[in-house]
1. Based on the alpha carbon coordinates of segment A:461-601, what radius of gyration and maximum Cα-Cα distance (Dmax) apply, in Å?
2. Sorted from fewest to most neighbouring beta carbons within 10 Å, what does the list A:350, A:92 look like?
3. Label position 7 Å from Cα toward Cβ: report the copy-to-copy distances for residue A:126 in nm, one decimal, ordered from shortest.
4. Taking Cα centroids, how far is segment A:605-620 from segment B:340-411 in Å?
5. Any number yet on Rg/Rh for segment B:411-505, C-alpha, Kirkwood?
6. For B:352, A:681, which order do you get if you count the other beta carbons within 10 Å of each Cβ and list the fewest first?
7. Please report the antiparallel percentage of DSSP beta bridges with both residues in segment A:602-707, rounded to the nearest 5.
8. In whole Å, how far is the Cα centre of segment A:722-766 from that of segment B:701-735?
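Just so it is clear, none of the values below were taken in a lab; they were calculated from the coordinates. As the structure is a prediction and not an experimental result, all values here were calculated from the model. Every residue, glycine among them, receives a Cβ derived from its backbone with ideal geometry; neighbour counts consider all protein chains shown.
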């Protein structure tokens, strides 16, 4: 491992490589793409949560001047019109029924958006309303209306667990089951058993940039400019939908204004492409913010967990029953459910465990991947229950956690990668940060801690990168990692710069284009620094290898004696040669290129529960002190200390930015955010009625601590980050609130009204 | 060498891969690029052939509403504002003087083209007129006004011959000298000495798509969409002009509507980029057809050649004196002059030779690269003189040529690649094609032959290509060869398909983008089939190598026993595996990619006159029968037979298309085309006054014969083509005209008026 003091690019907070173009407004996003003859799409959406489609007649709309085409179910016959991240259960437009308010029924393309909008009103649709299942409870009830007539719609891609036969005909479309030890024995031995149910609300990603796609379909080729996090997956899905080979779908990714999982897999892109395919013209389909609310959300979840402990406070057994509301279509629901189920145990030693995690269809907007990917729902529950148990046992909540934490090197589950960090270290830092020993500095004030862990890096990743050296010795990096705002381009540039011994300024990151950019599975699961970082590092090493021979020849030195620094290659006598001269020596003129390639492929393992061992453990700790306003129920965060295990911070300020952003994000679902359904209708799909956290909601005192123990598998010991800091927020705040006012809230968000009513109720009781 | 009958992709005339998008109007050209905030440029051009610039004041123009910026010489201080293919002698806009009518003086960008045009009239320019040198004669006269105050403006890039000191202060900016044998001795031994001077006119490329560039300059990055033939060269030039590293210039090449050399190197791109740089907005600079006439042309040339022969008709000695009029700026002039000088001897055995070829500045539009690259000027002369000599010696013109033709394997010059084809074979075919033994079928009818040769493939080529296999086994080809209409994408696809044993339909060619496309020197010099073809073939072989191991494992066979056909890999037992399955076996899922790479690099050689041996000899023969209308002087081409040595036709119909197009092109400068200057002004820069050949000008009987002797260094024995067929046209027609009416025209084009006057004069004489 190279020592920090010898590093020149990694560990330094350089200006972002995309900073200037973004702040000056010059950065090009998908919305900036203009094509000759481009027309504009609008979507007609269902106003019913659940209805049979009796008639869809577009003839009046088609006659409106300016309308180029209307896409309805009648156009889908020649396509594979059902798609989805896990199951192919979602049609491009509704076929025989609609399944949620907002479900696309038809779409119009016209010369401008106003005409397209007007044409929507001319589409004649007749519905026959069906009973709807809006909540998990309704969906699971006996005689619940089936959202899908069959609960399985194809194979769950890449996963070992398929929905069991027994759920056929119900609204359960997937179950993840995991068993460890002997749960019955475990509970038998327990001195105390705790059983609690927690609820996590439906929230939206709310990327600054709503979903948008520009599609240009030629006879045998689709070109898409898309705001997407995984262009290669999208390419494969579209190829399948349009019955084309993969090389006939090209996805170009301009800058992306936020993703958070909402732009993974397939969303509006098939509809945009189908419109272009029908209209034979390029089409822009740009959703409004409101429509993004009706496209994808985080899974609302209900988690009943039953935990058995010994008298002296050791966890013995846990039974988990998790229901994830995936809405009208599965999207990534089964995958999220699997991860939620797998992560439900928490960072603790629990010898006996049993998990059942279910994906449930309801007549609501689909839920898919979302920063944290199932972990937020379960960390909220298990870290709340830890405090409940500690209090009941009369053990300090910190002490109770320390007693049960897994040790570094210990298995989370047999066959998976052992825990790769010291969990105590971070927890103690968080505790120290909020002055854990000085509890209760005043009335209505309280402190809370939380410690969370998720398997990071995604499941079964394949990735590659290339570094091209130009004739003047400057470098272009080709990477499939999408710059979503997270700063990946900067971090990747630093890794390449460090490895090649150049300043980051010598490297440019090329645009992402599936025709030319090396393959990458997806920008998700905090994976980029490790997975793509390794590809970039290996590409740099490959490039160096190729430069050594001509450099050695020029310096009359053995290749293995040469070193790279300051943009030159040196022999042991200190004689150096510039990259430019090496290039000219190699090609005999100022032309040509040398390309280094690097790739990464996860291992598969039958021993691992999820089929492939965890790439790294993304671990995070939170400590907070809050004050509750008794008269209003308002929670003020006086202090928040976030501790994240990043292994090695490639770009410390970006890591801190990710960390702080994550906490702020989580303050949303902890205190503010919830998509509210009434009568099957989403009533608050806008920023007036749906409150995102703003800077005024930030902790008064906010500290981020990056743990850098070089314990990650990524370049220079780095791990991924970006999701971790969200995980402890809700439970730390919930625990602090309870510590402050003695009231335990089980259902997020902890709104002032909810807390005020709970305090009232408790006051009434006592 | 693989036999034709076993080939499945090469040698077949598949539909063009770009055919459908082009005929349906869906193909995107640079003019189709739209960027947010894009504004439009117009150029203020000099109305004087030569003048000092006393004042350029843009303040009034800048105040016109809608004008965003005006670029004048005052903006150039921070740039390397002089550029050029050979010398850096051309400023982005005129600095202290203007040098031709049309020379850019300033440029405006405005929200639309009309406003930009209007603003041009508001720019206040004061000139002080200078005497001008419009013709070669004027430019070379004593006390000629110097077009440039010093005749050398930097090093001639990549060339060994620099302009001699003795020409300093004159309008000669380059001389190529070549000496072989002993010219004095040679002439001493000659029985007859012939001395003739020929003139070749100034003609324009007239691509269907005029020059156009869209430039988007950010603070430290330039992105250009350009109609260019050599994006990588352009990238390097722009980097130098804007003082950026190469990786900070990105050139994207949409479809290009014709090039013919006119879009090589640097033309309007620096001005487009400078406008965007000043305006801080994306800029489209689209020239009109008239402006293309004022941007670049073919070199007018004067060639005095003195040839000594023996009594029995063997060539003994030749002295060449060539003046190439490069106009106001050198552009590729020195390179063109060098090639003209080198090619001046023709395909004949001439033991003693001396060439002096000069590049001359004049106050006319710059001349640069143009299909044939200096060869047309000299073939016109030497193949006309061959007939003059034969007639004088009383030897049949065919016999005389056969007697002197170089043999296959013989040196053209020592150190260069020996002649790689049987020159007799093609000449006899051309002769047979026009029934050479049946001369003079009627009054005013005559026949002519011509045999020409040029070194093909360009000087010192470096090139590379990549083939990417997708998870479904389909393929994307990355190539830097520009699709100009010549069909390169189709031919490259066939080569890859042949090598991989798939149908061409399985392969897609990616767009050209210097950030990502493998380096290629240029699309010029008929080089692509050989140079890029070899890269593609090698990339395919590299890809196959990488597929063999997983395929062998799956088929339980040794890798070396496997064969590729029908999109599958077979072992000797006839068991096969699809590419898709090989990919899935390799990656364990439907993801990842395998990339094959191939490259090409010319040899350097001190022994070769031009520093590197000729890649292949591009040889062509023409035979024609014409009829002259005595009353009008009009020449009708009754029959034309074009014979081209293509080695192996990758796509026969495209080869024939290239060949026929080349002949038609050359009919232009032979009979119709000439840019006419009067008083320093170009008087016919439009298609009314400048007559391009149309289909009615084609030979009544037109035959193309492709010689396929697999004698080329390209894939499957192919050679390059596309320039060859132009070379013999003028001299074959000139010889036929002389044969028909006994009048020898020395100055192209052979217009009716010119021929009528010459016939009149001859009649007067006799």
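1. My reading of the Cα-based Rg and Dmax gives 15.2, 47 Å.
2. A:350, A:92
3. In nanometres, ordered from closest: 8.4.
4. When both Cα centres are located, 74 Å separates them.
5. 1.18
6. A:681, B:352
7. Just about 65 percent of them are antiparallel.
8. 85 Å
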